[in-house]
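Report on one structure; see the data block that follows.
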Amino acid sequence: MTTMVTILTEGYADWETAMLNAAARSFYGIETLFATPGGRQVTSSGGLKVTPDLAVEDIDVSQIDALVVNGGSVWSQDDAPDIAKLLVEMRDAGKTVAGICDATLALAKAGLLDEIEHTSNSTNNLPPTGYKGGAHYQDQPSAVVAGKIVTAPGTAPLSFMSGVMQTLGLRGGNLDYYLGMHAAEHKSL
């Protein structure tokens, strides 16, 4: 069974991975787990309280297929959780690593975005991390997939979901239908 772990932090942006986790679990039968620093309960920016399945520190790279880092303001703070080693281990194992919104800062700090195409919330978002990937930055409103690494601005949860599913080999007619169904609202805006 495919297993995906989503890292949540205090004040995480609950809308950013909701579609991804719902589709993964209910439509694709993927085991979806949630991890937090220290395994502590966290509350989203919208007030949703989550008791995690495990601590970030207990994630075993050999047991999962995808690691998703949910955005939130914590990633731009000096005391953001240091998950660089975990992200590098996932990448080096050839597994999916995905970050949306300010979670892309964690990927940048880990050096994952230095040599690949990627995006974030803005061109000014990543340079403070010390990353060297400016030449590969894609200023666009949708997710960027580069091999098994997926990045997206916080306004792109649908294309983010699509990108993660693509890296897991699940891109096809069913996913295209699902995306079309959920994107229908945006055609009328």
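Details
- Stretchable slack from S73 to Q138, in nm (0.36 nm times residue separation minus alpha-carbon distance): 21.2 nm
- The per residue volume of the convex hull around the alpha-carbon atoms of the stretch 49-104 is 95 Å³.
- Other residues whose C-beta falls under 12 angstrom from the C-beta of L113 contribute a net charge of 0, scoring Lys and Arg +1 and Asp and Glu -1.
- Of F34, F160, F27, the sequence from fewest to most neighbouring Cβ atoms within 10 angstrom is F27, F34, F160.
- Length gained when the stretch E10-Y177 is fully extended (0.36 nm per residue, less Cα-Cα span): 56.8 nm
- Segment N124-D60, length gained on full extension (0.36 nm per residue, minus Cα span): 19.7 nm
- Cα-based Kirkwood hydrodynamic radius, the chain, one decimal, Å: 16.3
- Distance from the Cα centroid of the stretch 127-184 to that of the stretch 27-80 is 19 Å (rounded to whole angstrom).
- Environment charge at D92 (Cβ cut-off 13 Å; Lys +1, Arg +1, Asp -1, Glu -1): +3
- Projected over every direction and averaged, the convex hull enclosing the alpha-carbon atoms of the stretch 1-99 yields 5.9 nm².
- Kyte-Doolittle mean at least 0.5, axial Cα span of 24 Å or more - DSSP H helices of the chain: none
- From most to least packed by mean Cβ count within 10 Å, the peptides 177-183, 164-170, 131-137 give 164-170, 131-137, 177-183.
- Mean ellipticity per residue at 222 nm, deg cm²/dmol - from DSSP H runs of n ≥ 4 across the chain, formula -39500 (n - 2.57): -7000 deg cm²/dmol
- Neighbourhood net charge (10 Å Cβ-Cβ; Lys/Arg +1, Asp/Glu -1) for I64: -2
- A straight Cα-to-Cα reach below 22 Å connects K85 with the lysines K95, K109, K132, K148, residues fewer than 8 places away in its own chain not being considered.
Every number in this text was worked out from the coordinates using simple rules, so none of it is lab data. No experiment lies behind these values; they were computed from the predicted model shown. Note that each Cβ is placed from the backbone with ideal geometry, even for glycine, and that neighbours are counted across all protein chains shown.
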